[in-house]
Amino acid sequence: MPDPENPAPRRRYLPEDWVGALALGALALITFANVLVRYLTNESFAWTEELSVSLMVVLTMVAGGAAVARDRHIRIEFLFHGGSPQRRRRLAIFSALATIAVFLILFGLGLRLFWDDYRYDVTSPGIGVPQWWYTIWLPTLSLTIALRAVQRLTQAWRSR
């Protein structure tokens, strides 16, 4: 029974949470439709694979952004929490800088991939739509993760 004196704290949802939920829901619906059609007709929607792969990339990137925003990314907790607060601060700053560097590199490479797909008018193999509709999400979401890491960096820098 909930305690009326001490209500549970309200969870703050990030934009990444909403985008991730939408991507996961779309992925589940597409996969379910494909399984259902395959079961009933012994045929498969070939285009669902294309959309599913794209949605998995989006889902992975927004989950990474949410992890960085909440400071829940992978690290060795024993080493991180095993030292002084000053050491934890330095490790947090190093971690944020490394995350920024990695995702800015991924942003640059993803932007190059997007530009090549756009410039050479590459179409997707399943549906035949412009391939850049899928590849634009890699640089966009890489940049958002880098910006989340900048937020983490400023928080670590200001902490004492």
Residue-by-residue Karplus 3J(HN,Hα) for the stretch 11-27, coefficients 6.51, -1.76, 1.60, Hz, glycine and proline x: 6, 9, 8, 8, x, 4, 5, 5, 5, x, 5, 5, 5, 5, x, 5, 4
Cα-projected label distance for residue 94 with residue 52, points at 7 Å along beta-carbon direction, nm: 4.1 nm
Potential extension, residue 60-residue 41 segment - 0.36 nm per residue separation minus Cα distance: 3.7 nm
Under-5 Å amide H pairs with residue 123, H placed in peptide plane, nonlocal only: 131
At R0 = 35 Å, FRET efficiency that the Cβ-Cβ distance of residue 74 and residue 116 yields, to 0.05: 0.65
Value of Rg to Rh for the chain (Rh from inverse mean 1/r over Cα pairs, i.e. Kirkwood): 1.10
Computed lengthening from residue 151 to residue 109, 0.36 nm per intervening residue step minus Cα-Cα distance: 12.9 nm
HN-Hα J in Hz across the stretch 109-121 - Karplus 6.51, -1.76, 1.60, θ = phi - 60°, x for Gly and Pro: 5, x, 5, 5, 4, 4, 5, 5, 4, 6, 5, 8, 6
Alpha-carbon centroid distance for the pair the stretch 121-149 / the stretch 30-97, whole angstrom: 16 Å
Helix 137-158 vs. the chain, principal-axis angle (Cα, 0 to 90°, nearest 10): 10 degrees
For the chain, calculated [θ]222 nm from helices alone, where every DSSP H run of n ≥ 4 adds -39500 (n - 2.57): -25000 deg cm²/dmol
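Just so you know, all these numbers are worked out from the coordinates, no wet-lab data involved. Quick caveat, the model's predicted, so the values are computed rather than measured. Every residue, glycine as well, gets a Cβ built from its backbone with ideal geometry; the counts of neighbours run over all protein chains shown.
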